[in-house]
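Worksheet: one structure, shown below.
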Amino acid sequence: MPPVLRFDNVCKQYPGGHVALQDVSFSVDAGEMLFVTGHSGAGKSTLLKLIHLSERPNRGAVLFGERNLLKVRGGRVALHRREVGVVFQDHRLLADRSVHDNIALPLVLRGMRRGDAARRVRSVLERLGLGARGNALPGELSAGEQQRVGIARAVVAEPRLLVADEPTGNLDPTLAAEIMDLFASLPEQGTSVLVASHDLGLVKRMKKRVLVLDHGQLADDIAPEDLADE
Amino acid sequence: MPPVLRFDNVCKQYPGGHVALQDVSFSVDAGEMLFVTGHSGAGKSTLLKLIHLSERPNRGAVLFGERNLLKVRGGRVALHRREVGVVFQDHRLLADRSVHDNIALPLVLRGMRRGDAARRVRSVLERLGLGARGNALPGELSAGEQQRVGIARAVVAEPRLLVADEPTGNLDPTLAAEIMDLFASLPEQGTSVLVASHDLGLVKRMKKRVLVLDHGQLADDIAPEDLADE
Amino acid sequence: MNEPIARAKVPARSRPGAWLDHHAYSVVASLGRLLRRPWSTALTVGVMAVALALPLGLWLVLANVERFAGDVQASRQLSIFLKQDTADARAAELAAELGRRADIGGVEHRSPAQGLEELRERSGLDEAIDMLGENPLPHVLIVTPAGDEALLADSLRTLPEAELVQHDAGWRQRLDGWLRFGGRVAWVLAALLGLGALLVVGNTVRLDIQSRREELGVLQLLGASDGFIRRPFLYLGAWYGLAAGALALGLLAVAGAALRLPLADLAASYGSGFALQGFTPRQALAVVAGATVLGWLGAGAVTGHFLRQTRPTET
Amino acid sequence: MNEPIARAKVPARSRPGAWLDHHAYSVVASLGRLLRRPWSTALTVGVMAVALALPLGLWLVLANVERFAGDVQASRQLSIFLKQDTADARAAELAAELGRRADIGGVEHRSPAQGLEELRERSGLDEAIDMLGENPLPHVLIVTPAGDEALLADSLRTLPEAELVQHDAGWRQRLDGWLRFGGRVAWVLAALLGLGALLVVGNTVRLDIQSRREELGVLQLLGASDGFIRRPFLYLGAWYGLAAGALALGLLAVAGAALRLPLADLAASYGSGFALQGFTPRQALAVVAGATVLGWLGAGAVTGHFLRQTRPTET
Ligand SMILES: Nc1ncnc2c1ncn2[C@@H]1O[C@H](COP(=O)(O)OP(=O)(O)OP(=O)(O)O)[C@@H](O)[C@H]1O
Ligand SMILES: Nc1ncnc2c1ncn2[C@@H]1O[C@H](COP(=O)(O)OP(=O)(O)OP(=O)(O)O)[C@@H](O)[C@H]1O
Ligand SMILES: [Mg+2]
Ligand SMILES: [Mg+2]
């Protein structure tokens, strides 16, 4: 099976001149789950943004399956984004739609019938411990609850790839562990998972492959079996 | 010396009917640093919001020094807020002003001369490892950098009380520890510090008093010396 | 917490019905958004309605003036001054003869006495005219042409009894001056007002979009197509236009009511039964439909601009 | 990472100079904000300018019409028709006598020949009049009153040579009808346009604030006073108003230029040298100042509304 995702010598320099990624290469197999860690400003979010086309690399190639993301332009950007579920570091919920409608969005965008979508949204809400908050507006939730809504929205449509940027930054350790278990169960459904996180304790506990970024460079690519040695 | 802050049987119920705080009582001495922890949705942010008057309690009293916050209305709300430094869980930076101008805001609001303010802002930026990013816009920073800007803005004017809501949620462990050290140094200058955080590891390491919220109730009030026993 | 999420399979692409669903949803949702903020909606619709009402009102005024001028034009007549020595009986006979001609719509015979009376009124020299010893005026036949005016005038000039066939040239020149002036004023105003209406519609939708920039950005990140993002705004613009068009008609009706009385007075002083005419139901419908389309197009243009702007990845 | 932060002591309250500083800062910052978004600024200013130009233009038109009517009014004259048997020499003598009276501004003597000429022109009955055997018209003295018109008329009626002293009542009635109608139209339009200008200013600033809601909320949370938050918007509104006022004057100047020619033609056909008059420099200044104040007030009202709305803690 070809890799789901491949970075080939990717460089990203922001307009201001700041180099956020330098010669980054790696690949992610179908059904794999892995972490990206690194200090604040190391380039984790930038790496994820290249995958869902919020940013474009200055050099190198990003391949999603057979698809070269450099060549995805215009209307096909939207189609690509529907295949990638994203948990944003700053949640990005629609303030004037209910929790339920926020989570249903990816399904609506894919043209799912309202009834089917509602049933699926309710099941995800239950699973994330938000069953009672479906009709609330995002502004009426605690930060951790908002983060979980963002996670629900990213997973609800069973994307080919899930990229999650610091998905547990606002969650207490128990909830964080539960979310990680949820992510770890996604590969069974055929979803590959890429999680950026600072929470080294959590990362180590999960025993998955870890990419370590340092000032934009890929400093380490640790296999699960080597993790205990670190 | 009277306490800087006192909660007396405070109850907070949101308009939707959700009870976020129930009969919470505690007091904070001048020059004290303490933590508030609890699960996601326990009411930590709500508690902090009552202190800087983003919300009002339904019952009970919040006292800031001699001042009963129930009686602070109209134009005096702004004056009160200038005495409390706040790190918001969602940063709340002004998107169209530079990092430097964001941090200078509390000083400008207090009528400090631009030159004095600029010098002070630069010193804080250095201290938080953002020396090179003063002219960037918040949107050009990583999430952790934004969080540090929020912290800089909260401490720059040496408020009587600093309330920080999950100030290390987007920071790597090394940075988080540095920020905590910074907070721990503030009481020497006469600033009391109240930090809401999920990061139990960090909280334990700091050896400070800890308030534990559970579904809006004050479940525990742990003195530093008892912390090791937990 | 460990049941599987999946139930219904998520389709890769939209099913055909989804497109229609989203249109229906957008119609209702955009209306809901307007009604949830009644004051700001009223403000926006008010601005648009005034901008629409002004050019429309101007158009109505011009249409009425033209109709009025048309009346006057149609009743423009030829005067045949008969030779001084024409007998009263012959004049009446000639009037009857001419009345039977196909190229003549009607003939009015004005005797010298009647002519003097009219002159008295038109010139305002009543008592001066009373001092005239004898009536110096000839018989006049006032002919309403049925066909071409100039041809008829030529043919009438060949009548042996005709001393003179006359058009009222000075009067015509003066009316033409006023109409030219009115037309120029109308164009200047229409240009200003058309510009105003355009600016208002565009600006309103632009600011509306600007205050929802973030929401649109999120939708784009989730993979919403341009059409999906644009749709609610198109309907929003259409609703604005619809409401503004209807309100503009209402404003014009009120303005018309306020003008009816003084205009009737004025018309009466000219001995005319002229009455202000508003829009026909068909025209009113066209106005509302036009305003709706205008709102839709304005929203489309501005949303398109936004969509082009927020594609930073297209470098 | 462990040097102390403190250097200059932070004052508890603003020093007095800070207030002035912030005003100066707001003036510049708000201008900068406008210039950084030139297109949207142009759009907003354009809308406001059109809304201002229309009532101002109307005002100008009315002022000009009034001035024109005033001209006509002032030249309204009394006609003294002398008795048929008055000799030419006596008529001329009487004209000279009257010309010396204090209550008479001027006297024009029109002989029967001249009168016939005029009648010819006014009635358009040229050739019919040529057929008159002899001139039946009397001498006419056309008197321009220097004081009260009615009193003078009474005194002139006592002249032994006067057959008749006459006002042109029908003509006056007709002009009054037009002026009444014009006044009514003007009021209806001014009401519509005033409403429009108000709505545009309010709506523009409202939407501007709405798109910066979040920013204002953050400032409030940091302890900014209402004045501090309102200030940049007040100056923003003032800048909008200033630019819109200037642009409105420009639009009116262009409109005036477009109307100058046809209006001169029209005036010439009445034998008048009447020319359109624009604003005096003082009036132009007042317009711009007024627009600036309007922008300031509109911004103040809307910002005040926002500030009241976002104090959820005031329950
Ligand atoms: N739009 C931008 N313009 C300029 N520089 C940027 C931009 N976005 C990010 N950067 C810079 O690129 C670097 C990497 O940013 P990135 O957001 O990828 O870091 P990160 O690893 O996600 O950090 P964090 O853990 O704090 O979220 C940072 O130094 C940041 O300042
Ligand atoms: N504006 C609001 N309206 C209604 N309910 C609210 C509102 N704000 C918060 N809540 C509810 O009150 C409870 C406490 O919220 P709060 O933000 O204080 O939690 P928290 O302890 O800060 O959680 P987190 O760690 O996730 O930030 C939550 O269940 C939340 O849903
Ligand atoms: Mg990041
Ligand atoms: Mg919170």
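Tell me whether region B:88-98 contains one or more residues that are surrounded by 15 or more Cβ atoms within 10 Å (Cβ to Cβ) and away from chain A (no Cβ under 14 Å).
Here is the first cut: in region B:88-98, the ones surrounded by 15 or more Cβ atoms within 10 Å (Cβ to Cβ) are B:88-94, B:97-98.
With away from chain A (no Cβ under 14 Å) added as a condition, the list becomes B:94, B:97.
There is at least one residue in region B:88-98 that is surrounded by 15 or more Cβ atoms within 10 Å (Cβ to Cβ) and away from chain A (no Cβ under 14 Å).
Of the residues making up region C:77-106, those that are of a type outside the set (S, T, N, Q) and closer than 11 Å to C:A146 by Cα number 7. Kindly indicate whether any position in region B:23-37 is more than 8 Å from ligand 2 (Cβ to nearest atom), more than 30 Å from B:L202 (Cβ to Cβ) and modelled with pLDDT of 95 or more. No, region B:23-37 has no match at all.
Listed conditions (1) within 12 Å of chain A (Cβ to nearest Cβ); (2) within 16 Å of ligand 4 (Cβ to nearest atom); (3) under 29 Å from B:P2 (Cα atoms) are all met by B:N170, apart from (3).
Taking each residue of region B:87-102 that is under 25 Å from B:M180 (Cβ atoms) and looking for partners that are acidic (D, E) and more than 16 Å from ligand 3 (Cβ to nearest atom) with beta-carbon atoms closer than 9 Å, six or more apart or interchain, yields B:V87/B:D165; B:F88/B:D165; B:Q89/B:D165; B:D90/B:D165; B:R92/D:E214.
Checked against (1) within 16 Å of ligand 2 (Cβ to nearest atom); (2) aliphatic (A, V, I, L, M); (3) within 14 Å of another protein chain (Cβ to nearest Cβ); (4) over 27 Å from A:L202 (Cβ atoms), B:L218 passes all but a single condition, namely (3). Kindly check whether there is at least one residue in region B:36-45 that is touching a residue at least 12 places away in the same chain (Cβ under 8 Å), under 22 Å from B:L162 (Cβ atoms), polar (S, T, N, Q) and within 15 Å of ligand 4 (Cβ to nearest atom). Scanning region B:36-45, I find at least one residue that is touching a residue at least 12 places away in the same chain (Cβ under 8 Å), under 22 Å from B:L162 (Cβ atoms), polar (S, T, N, Q) and within 15 Å of ligand 4 (Cβ to nearest atom), so the answer is yes.
Residue-wise test of (1) crowded, with 22+ Cβ neighbours inside 10 Å; (2) within 16 Å of ligand 3 (Cβ to nearest atom); (3) on the phi > 0 side of the Ramachandran plot; (4) of a type in the set (D, E).
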position	(1), (2), (3), (4)
A:A20	yes, yes, no, no
A:S27	no, no, no, no
A:V62	no, no, no, no
A:G85	yes, no, no, no
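Applying a threshold of 7 Å to beta carbon distances and a minimum spacing of six or more residues, or different chains, the list of pairs starting in region C:292-303 at a residue that is touching a residue at least 40 places away in the same chain (Cβ under 8 Å) and ending at one that is buried (at least 16 other Cβ atoms within 10 Å of the Cβ) and charged (D, E, K, R) reads C:G300/C:R230; C:V302/C:R206; C:T303/C:R230.
Taking the criterion of being away from ligand 4 (no atom under 13 Å from the Cβ), among the basic types (K, R) and within 12 Å of chain B (Cβ to nearest Cβ), no residue of region A:134-164 qualifies. Every condition in (1) surrounded by fewer than 18 Cβ atoms within 10 Å (Cβ to Cβ); (2) in a helix (DSSP H, G or I); (3) at pLDDT 75 or above holds for C:E127 except the one numbered (3).
Checked against the criterion of being away from chain A (no Cβ under 14 Å), touching a residue at least 24 places away in the same chain (Cβ under 8 Å) and either within 13 Å of ligand 4 (Cβ to nearest atom) or within 25 Å of B:M180 (Cβ to Cβ) (or both), region B:12-23 contains not a single residue that satisfies it.
One residue is enough: does region A:84-92 have a residue meeting the conditions more than 16 Å from ligand 1 (Cβ to nearest atom) and over 23 Å from B:Q146 (Cβ atoms)? First the steps, then the outcome.
So in region A:84-92, the residues more than 16 Å from ligand 1 (Cβ to nearest atom) come out as A:84-85.
Adding the requirement that they be over 23 Å from B:Q146 (Cβ atoms) leaves A:84-85.
Yes.
Residues in region A:82-95: is at least one within 16 Å of ligand 2 (Cβ to nearest atom) and in contact with a strand residue (DSSP E or B) (Cβ under 6 Å, 6 or more places away or on another chain)? Yes, because at least one residue in region A:82-95 is within 16 Å of ligand 2 (Cβ to nearest atom) and in contact with a strand residue (DSSP E or B) (Cβ under 6 Å, 6 or more places away or on another chain). Every condition in (1) under 23 Å from the mean Cα position of the chain (by Cα); (2) modelled with pLDDT of 85 or more is met by C:L216 except one, and the failing one is (1).
Yes/no matrix, rows are residues, columns are (1) basic (K, R); (2) within 22 Å of the chain's Cα centre (by Cα):
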| position | (1), (2) |
| --- | --- |
| B:L70 | no, yes |
| B:R76 | yes, yes |
| B:H80 | no, yes |
| B:Q89 | no, yes |
| B:V99 | no, yes |
| B:I103 | no, yes |
| B:D116 | no, no |
| B:N135 | no, no |
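Output yes when any residue across region B:57-70 is more than 10 Å from every other protein chain (Cβ to nearest Cβ) and within 29 Å of B:L128 (Cβ to Cβ), and no when none is. Yes, there is a match, as at least one residue in region B:57-70 is more than 10 Å from every other protein chain (Cβ to nearest Cβ) and within 29 Å of B:L128 (Cβ to Cβ). The condition (being more than 41 Å from the chain's Cα centre (by Cα), modelled with pLDDT under 85 and basic (K, R)) is satisfied by just one residue among D:R110, D:R157, D:R76, D:R120: D:R157. Criterion applied to B:T168, B:T174 was being among the hydroxyl-bearing types (S, T, Y), within 16 Å of ligand 2 (Cβ to nearest atom) and free of Cβ contacts under 8 Å to residues at least 60 places away in the same chain, and the one residue passing it is B:T168. Conditions: (1) of a type outside the set (S, T, Y); (2) free of Cβ contacts under 8 Å to residues at least 60 places away in the same chain; (3) within 13 Å of ligand 2 (Cβ to nearest atom). A:V121 meets all but one. Number of the miss? Answer for A:V121: the failing condition is (3).
For region A:4-11, the condition of being in contact (Cβ under 8 Å) with a residue 40 or more places away in the chain, over 30 Å from A:G139 (Cβ atoms), touching a Pro at 6+ places or on another chain (Cβ under 7 Å) and β-branched (V, I, T) holds for at least one residue.
Scanning region D:202-256 for residues that are in contact with a helix residue (DSSP H, G or I) (Cβ under 8 Å, 6 or more places away or on another chain) and basic (K, R) yields D:R206, D:R213, D:R230, D:R231.
Among the residues of region D:7-23, is any surrounded by 11 or more Cβ atoms within 10 Å (Cβ to Cβ), modelled with pLDDT of 85 or more and either assigned to a helix (DSSP H, G or I) or of a type in the set (A, V, I, L, M) (or both)? Scanning region D:7-23 turns up at least one residue that is surrounded by 11 or more Cβ atoms within 10 Å (Cβ to Cβ), modelled with pLDDT of 85 or more and either assigned to a helix (DSSP H, G or I) or of a type in the set (A, V, I, L, M) (or both).
The values are calculated or read from the model by the stated rules, or taken from the named source; none is laboratory data. Small disclaimer: the values here were computed from a predicted structure and weren't measured. Because the Cβ atoms are built from the backbone with ideal geometry, glycine has one as well, and the counts that use them run over all protein chains shown.
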